[in-house]
Amino acid sequence: DTEVTQTPKHLVMGMTNKKSLKCEQHMGHRAMYWYKQKAKKPPELMFVYSYEKLSINESVPSRFSPECPNSSLLNLHLHALQPEDSALYLCASSPDQGAGGYTFGSGTRLTVV
Amino acid sequence: DAKTTQPTSMDCAEGRAANLPCNHSTISGNEYVYWYRQIHSQGPQYIIHGLKNNETNEMASLIITEDRKSSTLILPHATLRDTAVYYCIVRPIFSGNTPLVFGKGTRLSVIA
């Protein structure tokens, strides 16, 4: 299995909702990442997990809460989002944090209404 | 802090070679050049990387100048499915806590 699987592919949520994005990989990778991508912009790093511990938080607002339950799973919990948080959310993994070969999922297209 | 410079956009005729340039004049000796691409509405895809020698794989070739200050990604026979944004990224060999950071990239349009 050489893929990163993200669910759901599309999500529409209200500003008072709580939802979660899920990411899964079975490549034995020990580093996992969340990126946010606005239209016609490059992906921007949000969080890095290394060996299931949060190692980088790029000053992301607390309405985004990451979780790494085990080495194969990465979640992004969403609460009280704003319309400007609408974006493509990408998950990626790599063998470890120092290895350059990232594998990306296809992303979750989030719309906040 | 951009470490690479790429043209904003390029066109290429289908079946011809697509040559995508990247300037990385401040690259240091312990940094690789990586190329990723992102097809519309998909996640970025790794293409190739190199240190100082030219590299080739099933997707592309990477030509790095002798002074390592620039490189060119070559797609030998571009198809419509190669239309994407191509990102050139410089990263240390031992990246430690340095994650992958994307610049603006080059939007390649392959035209029939």
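Bear in mind that the values in this text are calculations on the coordinates, not laboratory data. Everything numeric in this text was worked out from a predicted model, so none of it was measured. Don't worry about glycine lacking a Cβ; one is built from the backbone with ideal geometry, like all the others, and counts go over all protein chains shown.
Of the beta bridges in chain B, as assigned by DSSP with both residues counted there, near 85 percent are antiparallel. Rounded to the nearest Hz, the phi-derived 3J(HN,Hα) couplings of region B:55-64 under the Karplus curve 6.51 cos²θ - 1.76 cosθ + 1.60 (θ = phi - 60°) are 10, 9, 9, 5, 9, 7, 10, 10, 10, 10, where x marks glycine and proline.
For chain A, the equivalent ellipsoid derived from the alpha-carbon gyration tensor has semi-axes of 23, 14, 13 Å in decreasing order. Put simply, the amide H of A:S86, placed in the peptide plane, has neighbours under 5 Å in A:V112, leaving out anything fewer than 5 places away on its chain. Can you say what percent of the DSSP beta bridges in the protein assembly as shown, counting only those with both residues inside, are antiparallel? Round to 5. Antiparallel: roughly 90 percent of the beta bridges in the protein assembly as shown. Between B:I74 and A:L73, what is the FRET efficiency for a Förster distance of 35 Å, r being their Cβ-Cβ separation, to the nearest 0.05? After rounding to 0.05, the efficiency reads 0.35.
Full extension of the chain between A:R63 and A:V113 yields a length gain of 16.5 nm, computed as 0.36 nm times the residue separation minus the alpha carbon distance.
Take each residue of peptide B:38-50, count the partner chain Cβ atoms within 10 Å of its Cβ, and average: the result is 4. Scanning residues 5 or more positions from B:I48 or on other chains, those with amide H under 5 Å from its amide H are B:W35, with H placed 1.01 Å from N in the peptide plane.
Candidate cross-link partners of A:K18 among the aspartates and glutamates, defined by an alpha-carbon separation under 14 Å and a same-chain spacing of 8 or more, comprise A:D85.
Please give the charge dipole size of region A:18-74, origin at the Cα centre, charges +1 on K and R Cβ atoms and -1 on D and E Cβ atoms. Round to the nearest 20 debye.
On the way: 10 positive and 5 negative charges, 70 e Å.
Charge dipole of region A:18-74: 340 debye, to the nearest 20.
Couplings 3J(HN,Hα) of region B:10-17, computed from phi: 8, 10, 8, 6, 4, x, 8, 6 Hz, in residue order, whole Hz [Karplus 6.51 cos²θ - 1.76 cosθ + 1.60, θ = phi - 60°; x for Gly and Pro].
If only the Cβ of Lys and Arg carry +1 and only the Cβ of Asp and Glu carry -1, the dipole of the protein assembly as shown around its Cα centre is close to 520 debye. Taking θ as phi - 60° and the Karplus parameters 6.51, -1.76 and 1.60, the scalar couplings of region B:26-35 work out to 9, 4, 9, x, 9, 10, 8, 9, 10, 10 Hz in sequence order, x denoting glycine and proline. The residue among B:I48, B:Y34, B:N19 whose Cα reaches farthest toward the positive pole of the charge dipole of region B:1-105, with charges on the beta-carbon of Lys, Arg, Asp and Glu, is B:Y34. Near the amide H of A:M46, within less than 5 Å, lie the amide hydrogens of A:W34, A:Y35, A:K36, all on another chain or at least 5 residues away, with H placed in the peptide plane.
The GluC sites (Glu not before Pro) of region B:10-112 meeting both criteria, a DSSP state outside H, G, I, E and B (loop) and at most 15 other C-beta atoms within 10 angstrom of the site's C-beta, are B:E14, B:E58, B:E66. Pairs exceeding a 18 Å alpha-carbon distance, out of A:K41/B:K104; A:K40/B:K69; A:K40/B:K104; A:K38/B:K104: A:K40/B:K69.
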